[in-house]
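Okay, so here's the structure we're looking at.
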Amino acid sequence: MEAVLKWLSDNQQIIYIVILMIFVGIEVIGRVPSVLHTPLMSGANAIHGVVIIGAIIVMGKADAGNYVALVLGFLAVVLGTLNVVGGFVVTDRMLEMFKSKKK
Amino acid sequence: MEFSILTLCYLIGSVTFIIGLKMLSNPATARKGNLIAAVGMTVAILGTIFLYRDDETGEKLHNYIWIFAGLLIGGVIGTLAAKKVKMTAMPEMVSLFNGMGGACAALISIIEFNHYAASGFKNTIHEAYEVGEQIDDAVLSLGVQTGVLITIFAGLIIGSVSFAGSMIAWGKLNGKIKDFAFKGQHIVNQVILITILGLSVFLIYKIKTTVGSTDDAPDLPLNIGYISALFYGVLALSLIYGVFFVMPIGGADMPVVISLLNSFTGVAAACGGFLYDNKVMLTGGILVGAAGTLLTILMCKAMNRSLLNVLIGSFGGGGSAAGGGGTKEQGAYKEISLSDTAVIMTYAHKVIIVPGYGLAVAQAQHACHELEKLLESKGVDVKYAIHPVAGRMPGHMNVLLAEADVSYDKLQEMEQANEEFATTDVVLVLGANDVVNPAAKTDPASPIYGMPILDVELAKNVIVNKRSMKPGYAGIENDLFFQPKTSMLFGDAKKVLQDLIAEIKNL
């Protein structure tokens with residue numbers, strides 16, 4: 001019990017962020033029309049590509065001699081970038097079509 | 001100073017993600033929202049590369065060459081793939097990118113695990129003590145925190161399930177992988193999941209009790225090789241679970257699954273946020289995790305099914321069983337020739353086109369738009385009725401027709417369209433099946449019973465274009481095809497439409 005309470009107070013900032021973000025996430029897309037489900041999914045897909053930052057940190061901290069970490073980290077950076085760049089470009093392509101035909 | 005600028009970068013990133021997602025859920029602002037989120041992402045990434053300092057040592061990042069090479073390769077491949085992909089293949093592309101993100105999260109966990117394993121699961125903390133005039137440097141060696149271990153395992157498991165699942169979903173959508181289920185698969189899945197969780201808890205417990213949480217506790221020897229082997233066991237099981245999780249789910253439910261895996265990857269990214277106490281990863285990841293889960297539920301609602309129902313995969317399994325049991329005499333269907341179709345459509349007042357999966361497969365959206373223009377020029381009122389789950393993903397049809405320059409106000413959502421069918425002369429169903437199956441309303445035994453459908457049978461004539469009489473994704477017969485009002489027009493949607501256009505021009 002004490003350990004749990006200590007953990008709570010040590011990480012309270014993070015816990016608050018998590019709880020608030022859950023509600024923001026739900027609130028923000030609550031009224032999306034079904035037309036936009038696919039682009040929205042694609043956009044959200046690009047946003048979770050933020051995991052690339054973790055890959056960059058891991059890569060940048062790896063010792064120059066630790067080839068396992070370097071290779072895996074490099075792979076992580078490549079995959080993460082694919083997720084971010086591909087995600088945003090695909091979403092943009094989808095949405096571009098919505099726009100051009102609205103005129 | 002530099003580090004606080006990085007904090008600002010992350011703040012900008014987090015805010016743009018929220019604003020971007022908000023704008024993405026409104027047609028008028030969607031594109032801008034996507035751009036805003038992309039800008040925020042760029043700021044956060046560049047900030048990390050140039051301004052990041054290690055919390056303890058204050059060191060800058062190194063290995064810049066590797067980082068930039070990775071960014072360049074990923075960026076070029078990502079852009080090319082996203083630019084070149086056909087509009088119809090969009091859903092599998094999203095799935096593929098989602099898998100990449102999951103793999104990235106899993107790799108981070110693997111590297112961090114190796115890093116901790118190399119130091120015997122201890123954090124070495126340097127602390128400067130001031131004793132009188134002298135400054136002593138005390139080296140504390142503490143066991144790794146439980147929270148860190150849990151996050152590493154969570155990132156590994158969720159990331160690899162998401163990766164493996166997305167790859168299967170991708171394969172299924174482009175037809176490379178067929179549905180596959182064996183008896184008792186759900187039980188096997190549960191067993192795998194429980195094994196994964198059990199192993200993880202065991203490993204974390206083992207590491208904690210051997211290394212000791214306080215520096216007073218005596219250190220027992222820890223067999224790193226054994227711990228690592230089990231760690232990779234968890235990885236392998238998670239990948240297998242991802243495969244088994246998606247395998248039995250029918251193709252029609254893939255969008256829901258991709259959306260769910262999308263939110264998984266979000267949570268995996270958030271695990272990275274915990275690990276590095278990185279707020280932008282945390283906000284971005286949780287945001288997508290929550291929004292993705294809601295989106296998944298919204299998609300299920302559009303099909304009038306529960307998420308549980310989709311995951312258990314009763315659509316595919318139960319559907320084929322019902323199809324097998326319900327081989328009652330369906331009577332005969334009647335075929336219609338191209339020239340008859342041309343005549344009926346040209347002399348109609350109002351035509352509604354119901355596009356479906358078949359249109360997407362045949363890439364017939366341009367031909368469809370051409371037909372629409374031709375009929376309009378002959379004074380026929382042409383509209384499109386879009387079922388919320390028509391095509392491969394909700395909204396997929398809208399994207400496809402938009403590509404072919406079909407005007408926005410010609411697209412009608414289900415409720416609107418259902419009011420209009422009664423006054424419609426001809427409904428042309430292009431490669432849609434389950435979304436117009438009256439069994440959803442009339443037959444409680446049908447696996448799609450309760451799903452809202454387009455009431456095309458209210459129209460005076462229904463012309464159905466299909467490649468054959470084969471049942472659709474749900475694997476059930478469609479009574480609509482045997483009704484007296486309905487005529488079948490067999491063939492590939494694109495070819496049929498082109499021939500039809502030629503016929504109408506010849507009239």
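The values are calculated or read from the model by the stated rules, or taken from the named source; none is laboratory data. Just so you know, these numbers come straight off a predicted model, no measurement behind them. Glycine also receives a Cβ, built like all others from the backbone with ideal geometry; neighbour counts cover every protein chain displayed. In case anyone asks, the SASA skips ligands and DNA or RNA and just uses the protein heavy atoms, side chains included. Shrake-Rupley method; radii C 1.70, N 1.55, O 1.52, S 1.80 Å.
Per residue, how much accessible area does chain B show when a 1.4 Å probe rolls over the protein heavy atoms, in square angstrom? Write down the numbers at each step before the final one.
Values: 21260 Å² over 507 residues.
Ligands and nucleic acids excluded, the result is 42 Å² per residue.
What part of the accessible area of chain B, given as a whole %, is carbon or sulfur when the probe is 1.4 angstrom?
Whole-percent figure for carbon plus sulfur exposure: 63.
Classify chain A as rounded, prolate or oblate, taking a ≥ b ≥ c as the square roots of the eigenvalues of its Cα gyration tensor: rounded when a/c is under 1.5, otherwise prolate if a/b is larger than b/c and oblate if not.
Note, shape of chain A comes out oblate.
Skipping prolines and chain starts, which residues have an amide H placed within reach, meaning under 5 Å, of the one on B:Asn433, given they are 5 or more residues away or on another chain?
Under 5 Å from the amide H of B:Asn433: B:Tyr357.
Going by average Cβ neighbours within 10 Å, how do the peptides B:56-68, B:354-366 rank, with the highest at the top?
B:354-366, B:56-68
Can you tell me which of A:70-76, B:20-26, B:375-381 comes out highest on packing, and rank the rest after it, using the mean Cβ neighbours within 10 Å? Write down the numbers at each step before the final one.
On the way: A:70-76: 21.1, B:20-26: 23.0, B:375-381: 14.7.
Order by mean packing, descending: B:20-26, A:70-76, B:375-381.
Counting only other residues whose beta carbon sits under 13 Å from that of B:Leu275, what net charge do I get with K and R as +1, D and E as -1?
With Lys, Arg at +1 and Asp, Glu at -1, the neighbours total -1.
Under 10 °C and 1.306 mPa s, how fast does the protein assembly as shown diffuse according to Stokes-Einstein, given a Kirkwood radius computed over C-alpha pairs? Answer in µm²/s, whole number.
Numbers: Rh = 26.0 Å.
After rounding, the answer is 61 µm²/s.
Would you mind giving the mean number of other chain beta-carbons within 10 Å of the Cβ of each residue in A:66-74, as a whole number? Don't skip to the answer; put the middle values down first.
Details: counts 4, 0, 4, 7, 3, 3, 6, 8, 8.
Partner-chain Cβ atoms within 10 Å, mean over residues of A:66-74: 5.
What average count of beta carbons from other chains do you get within 10 Å of the Cβ of residues in B:342-349?
For peptide B:342-349, the averaged partner shielding equals 0.
With a sphere of radius 14 Å drawn around the Cβ of B:Val76, what net charge do the other residues whose Cβ falls strictly inside it have (Lys, Arg +1; Asp, Glu -1)?
+2
Counting DSSP beta bridges with both partners in chain B, what percentage is antiparallel, nearest 5?
Here the antiparallel bridges make up roughly 30 percent for chain B.
Please say if region B:1-84 is rounded, prolate or oblate, where rounded means a/c under 1.5 for a ≥ b ≥ c the square roots of the C-alpha gyration tensor eigenvalues, and otherwise the choice is prolate for a/b larger than b/c and oblate otherwise?
Since a/c reaches 1.5 but b/c is at least a/b, the shape of region B:1-84 is classed as oblate.
What total accessible area, in Å², is buried where chains B and A meet, using a 1.4 Å probe and rounding to the nearest 100?
For chain B against chain A, roughly 8100 Å² becomes buried.
What lysines could a cross-link reach from B:Lys83, if we take a straight Cα to Cα line under 26 Å and drop same-chain neighbours fewer than 8 places away?
Once the sequence-local lysines are set aside, what remains near B:Lys83 is A:Lys99, A:Lys101, A:Lys102, A:Lys103, B:Lys22, B:Lys32, B:Lys172, B:Lys176, B:Lys494.
Accessible area per residue for region A:34-103 in Å², computed with a 1.4 Å probe and the full protein assembly in place, what is it?
Accessible area per residue, region A:34-103: 27 Å².
What percentage of the solvent-accessible surface of region A:34-103, computed with a 1.4 Å probe over protein heavy atoms, is contributed by carbon and sulfur atoms?
64
Over chain B, what is the relative contact order in whole percent, taking alpha-carbon pairs under 8 Å and six or more residues apart?
Details: 808 pairs, mean separation 64.3, N = 507.
13 percent.
Going highest first, how would you order A:47-56, B:496-505 by mean Cβ packing within 10 Å?
So the peptides A:47-56, B:496-505, ranked by packing, come out A:47-56, B:496-505.
What is chain B by shape, rounded, prolate or oblate, if you read a ≥ b ≥ c off the alpha carbon gyration tensor as root eigenvalues and call it rounded for a/c under 1.5, prolate for a/b larger than b/c, and oblate otherwise?
In terms of gyration-tensor shape, prolate.
Let me check I've understood the local charge: for B:Ala422, count other residues with C-beta under 13 angstrom from its C-beta, Lys and Arg +1, Asp and Glu -1. What total comes out?
Details: positive: B:Lys350, B:Lys460, B:Lys485; negative: B:Glu419, B:Glu420, B:Asp425, B:Asp455, B:Glu457.
Local net charge: -2.
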